[in-house]
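The next block holds one structure in the form of structure tokens; read it before the comments.
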Amino acid sequence: RYGPMTTPTHPLALAPVTAPPATVDGFVKEFLRELNTGQGVALSRSTVNDQYLALARTVRHYLMARWLETTRHQRETKEKAVGYLSAEYLLGRQLGNALLATDLGEIAEKAMAACGLDLVTLRAQEVEPGLGNGGLGRLAACFVDSLATMSIPCIGYGIRYEYGIFKQTFVDGRQVEQPDTWLSLGEPWGFPHPEAAVQVDFGGYTETYRDGDVERTRWVPSWNVLGLPYNYMVPGYQNGRVNTLRLWSAQATKAFDLAIFNAGDYAEAVRAQTFAENITKVLYPEDSTPQGKELRLQQQYFFVACSIRDFINQVMEPGFDLHDLPERVTFQLNDTHPVIAVPELMRILVDEHKWEWDEAWDVTKRCFAYTCHTLLPEALEVWPVDLLGRLLPRHLEIIYQINDAFLAEVRERFPNDELRARSMSIVTDYPDRSVRMAYLATVAGMKVNGVAALHSQLLADKVLPAFSEYWPEKFTNVTNGVTPRRFLRLANPWLSQLITDALGVGWVTDLDRLAELEPYAQDEDFRKAFREAKQTNKERLYALLRARDGIELSGDHLLDVMVKRLHEYKRQTLKILHIVSLYEQIIHERVDPTTITPRTVVFGAKAAPGYRLAKEIIYLINKVGETVNTDPRVAGRLQIAFPANYNVTLAEKLIPAADLSEQISLAGMEASGTGNMKFALNGALTIGTDDGANVEIRQLVGDDNFFGFGMTEPEVAALGASGYQPGSYYESNPQLKAAIDLIASGAFSGGDRNAFEPVVSNLLYHDRFMALADFASYVDAQAAVEAAYADQEAWSKMAILNVARTGFFSSDRSMRDYLSRIWRA
Ligand code: NBY
């Protein structure tokens, strides 16, 4: 199947693959060839999109030799690899990162200029692949970047959604979703490999049969689809390494069902194809509440079945003994979305390879590890047994058998403790008979980790207490991290240059070296340069928002940024209450506006399309913004911007410009957060609760360089247990009451007192995430922010110390932790 049919004789055909010359002339030549013979157009007649595609393919040429070499080296050395299984990869634009990885930025810029083109314009033409919802998907993208940069073998496996996360627009202040057509102008980064397509079965029934003197089970599926892999390059940072991200696209097994076609029903035959292709049509836009939809389960099984088959049949050498699989791979489960991989591997070993159950279970257990990303009970995935039985009957049987064996073990260790056994059952009967995927992952995984210290502790103590008692050594923590390549070096060239001038370039792959910046906080010239970089970033952002959204921002304001998915637990409402309160105090002349620190607040947030209250909160933010921004009484003091469609590309412009990072979730709710890390690394100060990785950020940067506020997790738990009454906070705090009353008065809705009723009544009568309880403390912390910002020299010191002390949050460090605690790759 592979290799030449005849022996080559030409010296070029015998030579190893090499990259084109890394010179301006070499680059121009490659680019024009791509434009002319690849894109089929003359430079003089080419569009910006032609030019972008040709440029992307040119950069690909420079990566190709490294990619082939990485793959060859991997085949030869058979080093243990990480198989990262994730339903989401929120990659962001590829071109800039590829130029950085190859160190071709300057050459490309000059080469484009020599062709009369502008590199910045061409880069802006790229549509980012938004194949994820938020933090979980972006984390996967950071992790594969770090693994490539650290030369660790990894294949990322996922889904090539035809439509990624929806494009958000606002119509009269309300969110309207539009399809994300990221493939429509051509997509130069994916390499389809139809020769490596994999068949995936669904439906049908199981039956037993005799195989010699053993009785075996087989699955008789009723339909199938084909998984077509697209390979994407994951370049390491200037290290000659390119790992692979393999994303699967669903196709019909046969383009036309001949039987139906011959019977004359052409339309029916084509319909089968459409049906199959639906599987990878669209990313589910829920970021915390799994919907339990059949198509979603199809997606999950589809991509893990393809991936496991691919790893065994294509990545492993022919004749490989599957007993050695745990020595060659760890499949890391990015949340529960890929957990159906566990019964799938069992099925392959037991049904196809005819292994004994115990033998198969022993290997399977050593192949998987599970990362949990949440604490919200409604975010824990469960699949109804009847749905599983219909779609994957054999997998359901295997899950039952895993559960039976596991519960037998529990009963043996804890006799006469049926309650315990029930509480640990993978299959539950309430409210409907269903499979708890987090339990399955915990039973099957050799390790279970949370994503920040506090989260891992709460995961063990509150979400999976029976399991952490049963297997204390299985539970561990790996605090999340972010890639310094994309989120510092690429996103913030000015600060990067300052750091490099001070420390040399080594920090890009060794972020602990940022600690050496510490003395520079005391250096007046450095502080001045630091402020200038921040100012440059603000101007760059304001220019972008003007061009992108028609938003006019001006002035030398404190830039206060809250960007993340819209969710009640993240408490965008707390932020808006603070803004409304500031506004209310000014217009009612409770404060002298000239004493208020001028502040620009920027929001970015998508709401899940079916999440009603989240969408009402978006509406509220937009309406408050409209009112505040046009009120002359607050002009020059307070302005609000809510650019639509927050995504990775916008984050790269927003984060470097921020002075203040809002990380204000209710303690015990945000598993980790990763935006919080990006802001601190870019020299923003955090106003935040003791939640997720905020706790670790605060410890590292020090209390003096962090604006902490709000209840701690135990305080939240105690308040909840005592019966939380939001109304009492409203009644007893005049400032809070005035803010809520102003919203309810119609002041932001042209007099309509009902406009925000869902948000207001939720706050007053439910407030599940206790925004009112933390309001007073938040307002105090914001006052401390204003006081600190008034002294720019002191503020700059604090900001520089944030940069110097947050090198820990590199995803390279996360990878080292996974390696030593979990993968041992
Ligand atoms: O994962 C996030 C956490 O909220 C955040 O605290 C953490 O930093 C980050 C990385 O560990 N979780 C998250 O982004 N979750 C999702 O995006 C998500 C997506 C889909 C579904 C559930 C959650 N789903 O069930 O379909």
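The values are calculated or read from the model by the stated rules, or taken from the named source; none is laboratory data. Keep in mind it's a predicted model, so treat the numbers as computed, not measured. Because the Cβ atoms are built from the backbone with ideal geometry, glycine has one as well, and the counts that use them run over all protein chains shown.
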For the subset of the stretch 208-241 comprising residues that are among the hydrophobic types (A, V, I, L, M, F, W, C), in contact (Cβ under 8 Å) with a residue 60 or more places away in the chain and under 30 Å from W189 (Cα atoms), which member is surrounded by the most Cβ atoms within 10 Å (Cβ to Cβ)? V234
Need a quick list: strands (runs of 3 or more DSSP E) entirely within the stretch 122-178 having at least 3 residues that are buried (at least 24 other Cβ atoms within 10 Å of the Cβ) and within 16 Å of the ligand (Cβ to nearest atom). 154-159
Which of the residues that make up the stretch 609-659 are small (G, A, S) and in a helix (DSSP H, G or I)? A614, G625, A651, A657
Of all residues in the stretch 258-309 being small (G, A, S), assigned to a helix (DSSP H, G or I) and at pLDDT below 90, which is farthest from the ligand (Cβ to nearest atom)? A259
Some residue of the stretch 156-173 being within 30 Å of H353 (Cβ to Cβ) and β-branched (V, I, T): yes
Restricting attention to the stretch 262-297, which residues are small (G, A, S) and farther than 13 Å from E162 by Cβ? A263, G264, A267, A269, A272, S288, G292
Leading residue by the ranking (farthest from Y284 (Cα to Cα)) among those in the stretch 610-636 that are in contact (Cβ under 8 Å) with a residue 40 or more places away in the chain and small (G, A, S): G636
Which condition number does W494 fail, the rest of (1) crowded, with 19+ Cβ neighbours inside 10 Å; (2) under 24 Å from L91 (Cα atoms) being met? (1)
Look at K528 and say whether it is surrounded by fewer than 21 Cβ atoms within 10 Å (Cβ to Cβ), at pLDDT 95 or above and touching a strand residue (DSSP E or B) at 6+ places or on another chain (Cβ under 7 Å). no
Among residues belonging to the stretch 68-101 that are of a type outside the set (A, V, I, L, M) and under 30 Å from D118 (Cβ atoms), point out the one that is nearest to the ligand (Cβ to nearest atom). Y89
The condition from (1) surrounded by 18 or more Cβ atoms within 10 Å (Cβ to Cβ); (2) among the β-branched types (V, I, T); (3) within 22 Å of the chain's Cα centre (by Cα) that V200 misses is numbered (3)
The lone exception for R60 - which of (1) farther than 25 Å from Q332 by Cα; (2) assigned by TED's automatic domain parsing to the domain that holds I152 it fails: (2)
Name the residues in the stretch 738-781 that are more than 28 Å from F707 (Cβ to Cβ), touching a residue at least 24 places away in the same chain (Cβ under 8 Å) and more than 34 Å from the chain's Cα centre (by Cα), would you? A747, S749
Do the conditions hold for E195, that is, is it within 21 Å of the chain's Cα centre (by Cα), of a type in the set (D, E) and surrounded by fewer than 24 Cβ atoms within 10 Å (Cβ to Cβ)? no
For the stretch 11-85, which fully contained helices (runs of 4 or more DSSP H) count at least 3 residues that are surrounded by 15 or more Cβ atoms within 10 Å (Cβ to Cβ) and among the hydrophobic types (A, V, I, L, M, F, W, C)? 24-33, 48-77
Can we say S810 is at negative phi and touching a Ser or Thr at 6+ places or on another chain (Cβ under 8 Å)? yes
Please find, within the stretch 729-750, the residue that is surrounded by the fewest Cβ atoms within 10 Å (Cβ to Cβ) out of those that are in a helix (DSSP H, G or I) and aromatic (F, W, Y). Y730
When you check S796 against the structure, is it in the same structural domain as L577 (by TED's automatic domain parsing), touching a residue at least 40 places away in the same chain (Cβ under 8 Å) and either buried (at least 20 other Cβ atoms within 10 Å of the Cβ) or assigned to a helix (DSSP H, G or I) (or both), yes or no? yes
Can you go through A684, A644 and tell me which one is in the same structural domain as M562 (by TED's automatic domain parsing), in contact with a Phe, Trp or Tyr (Cβ under 9 Å, 6 or more places away or on another chain) and closer than 27 Å to L90 by Cβ? A644
Quick check on the stretch 660-680: of everything there that is of a type in the set (S, T, N, Q) and assigned to a loop (DSSP other than H, G, I, E, B), which residue is farthest from the ligand (Cβ to nearest atom)? S665
Could you go through the stretch 352-366 and let me know if any residue there is touching a residue at least 12 places away in the same chain (Cβ under 8 Å), within 16 Å of the ligand (Cβ to nearest atom) and touching a helix residue (DSSP H, G or I) at 6+ places or on another chain (Cβ under 8 Å). no
Wholly enclosed helices (runs of 4 or more DSSP H) of the stretch 439-522 bearing at least 2 residues in contact (Cβ under 8 Å) with a residue 60 or more places away in the chain: 453-458, 493-503
Within the set of pairs 6+ apart or on separate chains, which have a first residue in the stretch 304-321 that is in contact (Cβ under 8 Å) with a residue 12 or more places away in the chain, a second that is assigned to a loop (DSSP other than H, G, I, E, B) and among the aliphatic types (A, V, I, L, M), and C-beta atoms under 6 Å apart? V304/I340
Determine which member of the set P20, P11 is of a type outside the set (V, I, T), more than 30 Å from H373 (Cβ to Cβ) and without any contact (Cβ under 8 Å) to a residue 40 or more places away in the chain. P11
Kindly indicate whether any position in the stretch 102-119 is hydrophobic (A, V, I, L, M, F, W, C) and within 16 Å of the ligand (Cβ to nearest atom). no
Residues located in the stretch 681-707, provided they are of a type outside the set (D, E, K, R) and assigned to a loop (DSSP other than H, G, I, E, B): N682, G683, A684, T689, G692, A693, G702, F706
Within the stretch 322-335, the count of residues that are surrounded by 18 or more Cβ atoms within 10 Å (Cβ to Cβ), away from the ligand (no atom under 16 Å from the Cβ) and either without any contact (Cβ under 8 Å) to a residue 24 or more places away in the chain or outside any helix (DSSP H, G or I) (or both) comes to 3
